[in-house]
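Structure first, then comments.
Since every read-out is calculated from the coordinates, none of them should be taken as a lab result. None of these values were measured; they are calculated from a predicted model. Don't worry about glycine lacking a Cβ; one is built from the backbone with ideal geometry, like all the others, and counts go over all protein chains shown.
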Amino acid sequence: MVSHFWSRRLGDVMVLGGLGICTAAIIIMLGGNAHAQTANPGQREIIREQVNPQTEDALKPWLGGNWQIGALGRVSSNPYRGADSADLSALPALAYDAERLHIGLDGIDAKVFKNEFASVSILGNVRMEPFDPDDSSYLNGLEDRDMAFEAGVGGLLRLWRGELRANYLTDLNDAYGGHEVDVAYYLPTNYERFRFNFGGGVTWQSEELVDYNVGVRRSEVRSDRGFYAPDAAFIPHLDFSVTYPVTEQFAVVGTSGVRFLPDEYTDSSIIEDDYVLSAGLVLVYNF
C-alpha cells in the first residue's frame with residue numbers, strides 16, 4: 001500500500017518535470033515577443049487562486065492539484081517606433097496548478113511558506129525578446145536580444161480588504177544581467193458568479209534591464225538613431241481582471257492593463273509612445 005502510494009507520487013513528480021520541459025519548449029516556439037504574458041505577476045497569482053480549487057489536505061497542496069488546458073489570446077499596443085501599432089499573440093494554455101505549486105506557460109510558482117495572512121514563493125519565469133529588429137525599418141540594425149531565464153522570490157501580505165504583493169526576478173543566463181522588482185496592491189471582489197480584481201503598483205527595473213528593452217548600443221548607432229544608455233526606471237501600472245466560472249471545470253478570464261512608460265523609456269529614440277495598453281482573454285479547462 002505504502003509502495004503504491006509513493007510510486008504514484010514519483011509518477012506525479014516525473015510528469016511535472018516533463019511538463020516543465022514541454023512548457024519551456026512551447027514558450028520558445030510560440031512566444032515570440034515580450035508581451036506574451038496576459039497579466040502582471042501579482043495579478044496572475046490572484047487569477048490562479050480564482051480559477052483553481054483549494055484543498056486542506058497536507059499532501060494535496062503540492063501533488064493533488066489540477067491539470068489545466070486551454071487557450072489564451074492577447075493584444076497590446078506596441079511602443080516601438082515604426083512598428084505595428086498593436087501586437088497580437090496567441091498561445092495554448094497548459095499548466096499544473098495546485099494550492100502551493102504552479103507550473104505553466106506563465107511561469108513557475110512554488111510556495112515555501114503559506115498561512116491565511118501571508119505567503120512566500122520561489123519563482124521561475126521566461127522573458128521573451130523585447131522586440132524583433134525586423135518589426136520596422138527603424139529597428140533594423142539593432143542587435144537581437146536573447147531570451148532571458150529568470151528566477152526570484154515573491155511575497156504576499158493580506159492587508160485591509162486586499163493583498164499586497166511583491167516579486168523579485170533576476171536574470172540567470174546573462175541575457176541582460178539585471179533585476180526587476182514589482183510591488184502592487186490588489187482588491188479581489190465577487191459579484192454573483194463573477195470574480196473581479198482591481199489594482200495597480202509600480203515595477204522597478206535595473207539599468208541593465210531598461211537598456212535591454214530600449215537602449216541603443218554604440219554598434220547600433222546610425223544617422224537617425226543615437227547612442228542611448230538609460231538609467232534604472234520605475235514603471236507604474238494599473239490592472240483589472242474578471243473571472244467567470246462557466247462550470248466547475250471551465251472558466252473564462254479577461255484581463256486588461258496599462259503601463260505608463262517613464263522618461264528612461266520615452267527618451268530612447270526607438271520608443272514613440274509613453275504608455276502600453278493591453279487586454280487578454282483566457283479559456284481554461286480544469287481536470
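Numbers at a glance
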{"quantity": "Residues Lys111, Lys60 arranged by fewest to most Cβ contacts within 10 Å", "calculated": "Lys60, Lys111"}
{"quantity": "Rounded to the nearest 20 debye, dipole of the range 82-182 from Cβ charges on Lys, Arg, Asp, Glu", "calculated": "860"}
{"quantity": "Phi-based couplings in Hz for the range 176-182 (Karplus 6.51, -1.76, 1.60; Gly and Pro marked x)", "calculated": "9, x, x, 9, 9, 10, 10"}
{"quantity": "Top positive-direction residue, dipole computed over the range 201-287 with Cβ charges, set Val202, Gly215, Tyr244", "calculated": "Tyr244"}
{"quantity": "14 Å beta-carbon shell around Val202, net charge (K/R +1, D/E -1)", "calculated": "-2"}
{"quantity": "Mean Cβ neighbour count within 10 Å, used as a protection proxy, ranking 144-151, 215-222 highest first", "calculated": "144-151, 215-222"}
{"quantity": "Residue order, fewest to most surrounding Cβ atoms within 10 angstrom, among Ile270, Ile108, Ile122", "calculated": "Ile122, Ile108, Ile270"}
{"quantity": "Environment charge of Gly82, counting only residues whose C-beta is closer than 10 Å and scoring Lys/Arg +1, Asp/Glu -1", "calculated": "-2"}
